[in-house]
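Peer 1: Submitted below is the structure of interest, expressed as structure tokens.
A short reminder: the numbers here are calculations on the coordinates, not readings from a lab. Keep in mind the model is a prediction, meaning the values are calculated, not measured. Reconstructed Cβ throughout: ideal geometry from the backbone, glycine too, with neighbour counts over all protein chains shown.
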Amino acid sequence: MLEISELLNNLETALKHIIGQRQLVNPLMIGIRTGGCWIAEQIHQRLAISEPLGLLDISFYRDDFSQIGVNPNVKPSQLPTNIEGRDIILIDDVFYTGRTIRAAMNEIFDYGRPNQIVLAVLIARDGKQIPLNPDCVGVSITLNADQRIKLTGPNPLAIHLETIDTVA
């Protein structure tokens, strides 16, 4: 099974490399609720980023909002009022279709136009539907159609592979 500590180490190493390569200056780290925030808290500490951690709830930006309705656990996003020209590190737990990231970027751009966005995810899996790719990953995996990966936490963080009952 996947070990959280190993994946966090991989993600931290990849982020250190890309921060230098893309010359990020005083980056703002933003975690996508809920699992992305848990990962971002860990990576934020490991990278000793001085700027407070931003939290993003993309519930109202989802493209299936009209179909699924409002999540009863919606929390406000916590971002600086102006992110114009900032270097952003956007963190999520699992990259799957790309729709969550598209929604997160839409919300970020409502706050201003960042200089650049680095996308870092703990787990990237197959199933992309939108032409986006993470810049940094803890691990890339392929799952069967009836499987999904779920992060639980925050203390302790754990990864669970679940089989979805497809019988209707």
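Peer 1: Any idea what the dipole of the chain comes to, in debye rounded to 20, about its Cα centre with Lys/Arg Cβ at +1 and Asp/Glu Cβ at -1?
Peer 2: Values: 14 positive and 19 negative charges, 46 e Å.
Dipole magnitude for the chain comes out near 220 debye.
Peer 1: Using amide H atoms built in the peptide plane, which far-off residues or other-chain residues are under 5 Å from residue 141 H to H?
Peer 2: Hits under the 5 Å cutoff: 124, 125, 126.
Peer 1: I've got another one for you. If each residue of separation counts as 0.36 nm, what is the full-extension length gain between residue 116 and residue 22 once their alpha-carbon separation is subtracted? Let's see the in-between values first.
Peer 2: Values: separation 94, 0.36 × 94 = 33.84 nm, distance 0.91 nm.
Stretched out fully, the residue 116 to residue 22 stretch lengthens by 32.9 nm.
Peer 1: Over all alpha-carbon pairs in the chain, figure out the percentage whose distance exceeds 21 Å. Mind dumping the intermediate values first?
Peer 2: Working: 6539 of 14028 pairs.
Cα-Cα pairs of the chain separated by over 21 Å account for 47 percent.
Peer 1: Here's a follow-up. How much length is gained on full extension from residue 34 to residue 150, taking 0.36 nm per residue of separation minus their Cα-Cα distance?
Peer 2: Working: separation 116, 0.36 × 116 = 41.76 nm, distance 1.12 nm.
Computed gain between residue 34 and residue 150 is 40.6 nm.
Peer 1: Just the Cα atoms of segment 69-137: what Rg and Dmax do they give in Å?
Peer 2: Rg then Dmax for segment 69-137, in Å: 12.8, 35.
Peer 1: Quickly work out the residue 126-to-residue 84 label distance, labels modelled 7 Å from Cα along the C-beta direction, and quote it in nm with one decimal.
Peer 2: 4.6 nm
Peer 1: For residue 58, enumerate residues with amide H under 5 Å from its amide H, sequence gap 5+ or separate chain, H modeled in the peptide plane.
Peer 2: 33
Peer 1: Each residue of segment 84-91 in order: what ³J(HN,Hα) in whole Hz does its phi give by Karplus 6.51 cos²θ - 1.76 cosθ + 1.60, θ = phi - 60°, with x for Gly and Pro?
Peer 2: Those phi angles translate into 3, x, 7, 8, 10, 10, 9, 10 Hz.
Peer 1: Place a label point 7 angstrom from the Cα of residue 46 along the Cα-to-Cβ direction, then list the residues of segment 107-131 whose backbone nitrogen is under 14 Å away.
Peer 2: 120-124
Peer 1: For residue 160 and residue 106 in the same chain, what is the full-extension length gain: residue separation times 0.36 nm, less their Cα-Cα distance, in nm? Don't skip to the answer; put the middle values down first.
Peer 2: Working: separation 54, 0.36 × 54 = 19.44 nm, distance 2.92 nm.
Stretched out fully, the residue 160 to residue 106 stretch lengthens by 16.5 nm.
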